[in-house]
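This report concerns only the one structure given below.
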Amino acid sequence: MNKKEILDAFWFRHACKEFDKEKKISADDFNYILETARLSPSSFGFEPWHFIVVQRKEMRDKLKNGAWGAELKLDTASHFVVALSMKSVRTKYDSPYLEKFMKEVQQLPQEVVEMKSKIYENFQKKDFNLNDDASLFTWATKQTYIALGNMLTASALIGIDSCPIEGFNPEATNKILKEEMGVDTDVYGIAYMAAFGYRKQEPHDKTRRSLEEITTWL
Ligand SMILES: Cc1cc2nc3c(=O)[nH]c(=O)nc-3n(C[C@H](O)[C@H](O)[C@H](O)COP(=O)(O)O)c2cc1C
């Protein structure tokens, strides 16, 4: 794939408002999209995310409550993702979950786990001031948004449309996730939603500031 083809995909991608209900993304294509989320980078490599693919109509209808920016997408998207980020119980420097994660997923030997934990503790306390639950959660959502960018681009590269969605009330949506979808909201909170499918109509022309305006070279 050359640079022009890649940039063409960036021009092709737009926030799709309504999808063609009749067109479904194949299982293979959607696995590829999820795979680009899985392979996304995250701070310290801790992957503080989980993705729920909401396909059943009754489940999608539940999500409409408080999700003003998602309604038409919930009705028409081929695939609909709710992206969750981990809370402090998992992401604080001394969490048992992270110790297990470093050993089992990252396959680090005990002495490296201890060293990495110390560096992570300093990072949280002194560098990024991640000293309360809210800032730790926001930090985890930042990582989760990297996966969003990758999923949107990966989709566009194979001609699939998408829409990132923040048009919802997090408190209301977390309540639905907890009470009606079995999400443990002590561990996870919603970061964003994202819809995938095929466009119903052509979008408006894309507008962006110039490269000169958004860059400074020193
Ligand atoms: C984090 C995020 C949240 C967004 N939330 C919504 C949303 O709830 N509903 C919607 O229709 N578009 C949403 N958008 C789409 C933006 O409005 C859109 O990306 C922007 O206007 C630029 O247009 P383009 O993506 O078509 O180039 C969101 C975009 C981002 C990145």
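Odds and ends about this structure:
- Whole-number percent relative contact order across the stretch 61-151, with pairs defined as alpha carbons under 8 Å at least 6 apart: 31
- In order through the stretch 60-70: 3J(HN,Hα) via Karplus (6.51 cos²θ - 1.76 cosθ + 1.60), integer Hz, x for Gly, Pro: 4, 4, 4, 5, 5, 4, x, 10, 4, x, 10
- Across the alpha-carbon atoms of the stretch 113-162, the computed radius of gyration and Dmax are 16.0, 45 angstrom.
- Once C-alpha pairs closer than 8 Å and six or more residues apart are averaged by separation and normalised to the residue number of the chain, the relative contact order reads 36 percent.
- For the chain, the longest principal axis of the Cα atoms and the long axis of helix 133-157 meet at an angle of about 40 degrees.
- Cα centre as origin, Lys/Arg/Asp/Glu Cβ charges: the stretch 1-78 dipole, Debye: 160
- For the chain, size of Cβ-based charge dipole, Lys and Arg +1, Asp and Glu -1, in debye: 200
- Considering only Ser95, Ser85, Ser40, the Gaussian network model of the chain with Cα springs below 10 Å gives its largest mean-square fluctuation to Ser95.
- Gaussian network model of the chain, springs between alpha carbon atoms under 10 Å - residue of Ala147, Ala134, Ala37 with greatest fluctuation: Ala134
- Computed log₁₀ I(q)/I(0) - Debye formula, equal Cα scatterers, no solvent, the stretch 1-115, q 0.13, 0.19, 0.22 Å⁻¹: -0.75, -1.10, -1.25
- Rounded percent of accessible protein surface that carbon and sulfur make up, the stretch 94-218, 1.4 Å probe: 53
- Here the Karplus relation 6.51 cos²θ - 1.76 cosθ + 1.60, evaluated at θ = phi - 60°, turns the backbone of the stretch 38-50 into coupling constants of 4, 8, 5, x, 8, 4, 6, x, 8, 6, x, 9, 8 Hz, with x for every Gly and Pro.
- Surface composition of the stretch 1-73: carbon plus sulfur atoms contribute 57% of the solvent-accessible area (1.4 Å probe, protein chains only, all chains present).
- Percent of Cα-Cα distances greater than 29 Å, calculated over the chain: 35
- Bridging of Lys175 to lysines at a Cα separation below 17 Å is possible for Lys62, Lys64, Lys87, once same-chain residues fewer than 8 apart are set aside.
- Taking amide H positions as modeled 1.01 Å from N, with prolines and chain starts lacking one, the residues under 5 Å from Gly69 and 5 or more places away or on another chain are Gly167, Phe168.
- Mean accessible surface per residue for the stretch 101-209, computed with a 1.4 Å probe while every protein chain stays in place, in Å²: 55
The values are calculated or read from the model by the stated rules, or taken from the named source; none is laboratory data. As the structure is a computational prediction, the values presented were derived from the model and not from experiment. Don't worry about glycine lacking a Cβ; one is built from the backbone with ideal geometry, like all the others, and counts go over all protein chains shown. Calculation scope for accessible area: heavy atoms of the full protein, side chains included, ligands and nucleic acids excluded. Shrake-Rupley method; radii C 1.70, N 1.55, O 1.52, S 1.80 Å.
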